[in-house]
Each structure stands twice: as C-alpha cells, then as structure tokens.
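Here's the structure we're looking at; comments come further down.
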Amino acid sequence: MTVPVITVDGPGGSGKGTISRMVAQRLGWHMLDSGALYRLVALGALRHGLDLKDEAELADYARQLDADFRPGTSADAEPATLLEGEDVSLELRTETCGNDASRVAALPAVRAALLDRQRAWRDAPGLVADGRDMGTVVFPDAELKIFLTASVEERARRRYKQLKEKGIDGSLAGLLNEIAERDRRDSQRAVAPLVPADDAVVIDTSDLGIGEVVARVGQLCRERLGQEFVEGVG
Ligand code: DC
C-alpha cells in the first residue's frame, strides 16, 4: 500500500506553512516544508561563495545539501532547521533569503537535484507536503491536493505581522512589491511553475481565519481519505 500524501501548494503568505503544520499534527503525519530546502540551498550556496546563477554548481550543492529538521518543542511550533549542523531557522525566514530561494528555485537542475530528497519524505503513516509544485510535480499521485490563495495585499499584511513577531524588520509597501515580484517569478518560470494541479481544491483564504481553513481541510480529509483529525492537538 502506498503511503498517503496531502499536498498544500500556493504562494507565500497564503497560510500554507501554518495550515500544513496544523493538519500534519492533527493527523499525526510527517510534514515536508519544501520551501525550506530551496531557502537552505540559497543560504548555503551564498555562505560557500557560490554564484546564484551558476546552475550546475548550485545543483551539485543541492544534491549534497547537509540539512536537518528537528521537531519544535511546543505543539504548533516550527521545527528547527539545521544547515551543516548549525541552526539557521531565523536567517532562513528573512525576505532576502526567500527572494534568493525563489531565484535558485527557477533553475531546472536545482529542482531536479532536490526531487528524490523530497519524495523520500513520504513515510508512514502519511505526509503533508507544503510547497509550490507538490501536487503537480513532486507528488502527482497525492490523495488530496489543496491550493491556497489570498490577495497580494492580505498576504503582505500577514507576512508583515509574521516578521514583526520574529523581531525582523520590514516595510509593508516593500513587502507588497517583493511578494508581487516573487509571485511573478514563481508563476512564470518554465519549470514547475506555481499553478494549481487540475485536481486540486482551491481555497481563497483572504477572508478566512486559520481555524476556518483547517476545518475545511479536515472536512476534505474525512470525505476523501476517511481520515479523522485527532481532537485536542495544537
Ligand atoms: O514557501 P517559501 O516561501 O519558503 O519558498 C521559498 C521559495 O522557494 C519560493 O519563492 C519559491 C521556491 N519554492 C519552489 O519553487 N518550489 C517549492 N516546492 C517550494 C518553494
């Protein structure tokens, strides 16, 4: 029997990360944050003095990427992300790193280099995979595909709040421009662009709270997979 996968794709700020983590916790499944892999490649490559445009060199680095994920300490806490043994969780979340990751992610050889590593996360009892191409490229046979969207303005507001909570500086207008630019790059690239899979359920989260989105995904899990959320988690 194949291990079931739920893919959660969408642009940055659509709520993917938070929703994926909460769904994974409620099902007791693993979670893959594929964006973190692209961020790690960008961060590590820069630290090693590599040129972010050198596709072959970056793909080589991506193949050998020394990354590790340690579970968070509280229920909904994000896991710690380690690059070559060092906790880089905070640095990974900066807008600069996100923008560098988006550039690196446009290179086909880098995407190919990370493919097997992502598929290896498919482990019993199940996987919730968060990204841009989880339902289209990495897990096309996923049992349930979700695509989350939200207006650019709402996503900029959420990102601003998120960064502030982490003590990272940013301006709302600057974030809005960066998000629009990142959307354009992620959606228009030749390989694995950000588009919903034909069989994805699209949910616009602009006017929905996190609880409402999680409840909707819970309903889909019940209907499509016969899976019930564990009560009282998170
Ligand atoms: O989800 P995120 O913001 O951490 O992702 C960072 C960048 O990585 C994003 O701009 C596009 C890229 N990415 C991708 O191309 N494919 C994925 N599956 C995940 C992220």
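Condition first: part of a helix (DSSP H, G or I), of a type outside the set (Asp, Glu) and open to solvent by 20 Å² or more (accessible area, probe 1.4 Å). Now tell me which residues in segment 44-63 satisfy that.
Of everything in segment 44-63, those that are part of a helix (DSSP H, G or I), of a type outside the set (Asp, Glu) and open to solvent by 20 Å² or more (accessible area, probe 1.4 Å) turn out to be 46, 47, 56, 61, 63.
Residue by residue through segment 172-207, note down the ones that are open to solvent by less than 70 Å² (accessible area, probe 1.4 Å) and assigned to a loop (DSSP other than H, G, I, E, B).
189, 191, 192, 193, 194, 195, 196, 197, 200, 205, 206
Given the structure, is residue 122 of a type in the set (Lys, Arg), within 16 Å of the chain's Cα centre (by Cα) and not in a helix (DSSP H, G or I)?
Values: of a type in the set (Lys, Arg): yes; within 16 Å of the chain's Cα centre (by Cα): yes; not in a helix (DSSP H, G or I): yes.
For residue 122, the condition - of a type in the set (Lys, Arg), within 16 Å of the chain's Cα centre (by Cα) and not in a helix (DSSP H, G or I) - is met.
Look at residue 151 and say whether it is small (Gly, Ala, Ser), closer than 19 Å to residue 194 by Cα, away from the ligand (no atom under 12 Å from the Cβ) and surrounded by fewer than 17 Cβ atoms within 10 Å (Cβ to Cβ).
It is true that residue 151 is small (Gly, Ala, Ser), closer than 19 Å to residue 194 by Cα, away from the ligand (no atom under 12 Å from the Cβ) and surrounded by fewer than 17 Cβ atoms within 10 Å (Cβ to Cβ).
Among the listed residues 217, 191, 230, identify the single one that is more than 20 Å from the chain's Cα centre (by Cα) and hydrophobic (A, V, I, L, M, F, W, C).
Result: 230 is the single residue among 217, 191, 230 that is more than 20 Å from the chain's Cα centre (by Cα) and hydrophobic (A, V, I, L, M, F, W, C).
In the list 141, 169, 198, which residue meets the criterion of being away from the ligand (no atom under 12 Å from the Cβ) and under 21 Å from residue 27 (Cβ atoms)?
None of the other options fit; the residue is 141.
Can you tell me which of 32, 43, 65 is under 15 Å from the mean Cα position of the chain (by Cα) and within 16 Å of the ligand (Cβ to nearest atom)?
Result of the check over 32, 43, 65: 32.
The values are calculated or read from the model by the stated rules, or taken from the named source; none is laboratory data. These numbers were taken from a predicted model, which means no experiment stands behind them. Quick reminder, even Gly has a Cβ in these numbers, built from the backbone with ideal geometry, and neighbours come from all protein chains shown. For accessibility, only protein heavy atoms count, side chains too; no ligands or nucleic acids. Shrake-Rupley method; radii C 1.70, N 1.55, O 1.52, S 1.80 Å.
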